[in-house]
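A quick write-up on the structure given underneath.
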Amino acid sequence: QTKHMLLTDSGAHLFAQAMGIPETPGEKLITERSRERWKKNLEPDSNPEEFQKDLGTVGAVAIDSEGNVACATSTGGLSNKLIGRVGDTACIGSGGYADNRSGATSTTGHGESIMKVVLARLILYHMEQGMSPEMAADSALDYMKTRVGGLGGVIVVNNSGEWAARFSTKQMSWATVKDDQLHYGIYAGERHTKSVDEALASESEGF
C-alpha cells in the first residue's frame, strides 16, 4: 500500500489508521511487572543493565521444498530507552535478512552493535562468498565483538537447507526441525536430538 520500507512514530500511526488496523491503547501494553521495573530503575543506586536481563528476542528462519527462504524477528524491546529509539529488529539487514540466492538469518543481542555492523546482511554476505552457515555466523559474530564490542546470537539457514545456531553470549535457546528430527540446545556445544513425534508426545504428557 506504500512504496516506503519503514514508517515510524506518528507517521506509522496515521498509516495504520488509514489501513483500518485496530488500535490498542498504550496503557494496555504495559504490564505491572514492567511498571515496577521502571520505578526501580529510577532509584539513584539502580543498575540500568540489570533491567535488560530478562528481555529477549524470538526469531525464526525457514526454507520450503522449492528453496524459498524467509526470516522473522520479534523483540521484547529495551527498557528505559529514549523516545523515538528504533532497534535492530525493525531494521532490514540488522535484525533479519532473507534472500533466496543465499539464505536467511535472524539475530538477537545488543541492538546498537548489531545495527553498527548490519549483522544479518553481513552473515549472508559471507555465505555468498562460499562460507557455510556456521562459518558465516561465527565470522560475523567475531567481527561484531572485536569491532564494536557487541555480543549476540544468530540462527541461519542457507538455500540448500544447511543451518546453524551460533552465539557469543553465555547462552541462547534454539531449536530446529529437519527431516522430522528436532535439534535443540541452550549452551555452547549443547545439542540434543529427538524425533518430532517423540517431542510432541512429551509435550502432551507435560514433560
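Determine if the stretch 175-196 includes at least one residue that is of a type outside the set (Gly, Ala, Ser), surrounded by 15 or more Cβ atoms within 10 Å (Cβ to Cβ) and under 16 Å from the mean Cα position of the chain (by Cα). Give the steps one after another, and end with the answer.
Kept after step one, since they are of a type outside the set (Gly, Ala, Ser), are these residues of the stretch 175-196: 176-184, 186-187, 190-194, 196.
Among the residues that remain, those that are also surrounded by 15 or more Cβ atoms within 10 Å (Cβ to Cβ) are: 176, 182-184.
Among the residues that remain, those that are also under 16 Å from the mean Cα position of the chain (by Cα) are: 176.
Looking for residues that are of a type outside the set (Gly, Ala, Ser), surrounded by 15 or more Cβ atoms within 10 Å (Cβ to Cβ) and under 16 Å from the mean Cα position of the chain (by Cα), one finds at least one in the stretch 175-196, hence yes.
The set of residues in the stretch 75-111 that are surrounded by fewer than 17 Cβ atoms within 10 Å (Cβ to Cβ), at pLDDT below 95 and either within 11 Å of the chain's Cα centre (by Cα) or not hydrophobic (A, V, I, L, M, F, W, C) (or both) comprises 76, 77, 79, 80, 81, 84, 85, 90.
When 191, 101 are checked against the criterion of being touching a Gly at 6+ places or on another chain (Cβ under 7 Å) and of a type outside the set (Asp, Glu), a single residue qualifies: 191.
Which condition number does residue 6 fail, the rest of (1) part of a strand (DSSP E or B); (2) touching a residue at least 60 places away in the same chain (Cβ under 8 Å) being met? All conditions are met except number (1). Candidates in the stretch 112-122 are the residues that are closer than 16 Å to residue 75 by Cβ and out of contact with any helix residue (DSSP H, G or I) (no Cβ under 7 Å at 6 or more places or on another chain); of these, the one that is surrounded by the fewest Cβ atoms within 10 Å (Cβ to Cβ) is 112. Identification of strands (runs of 3 or more DSSP E) wholly contained in the stretch 43-158 with 2 or more residues that are touching a residue at least 40 places away in the same chain (Cβ under 8 Å) and more than 27 Å from residue 32 (Cβ to Cβ) yields 57-63, 69-75, 103-109, 152-158.
The values are calculated or read from the model by the stated rules, or taken from the named source; none is laboratory data. Here the structure is a predicted model, which is why all the values come from computation and not from measurement. A quick note on method: Cβ atoms are made from the backbone with ideal geometry, for glycine too, and the neighbour counts reach across all protein chains shown.
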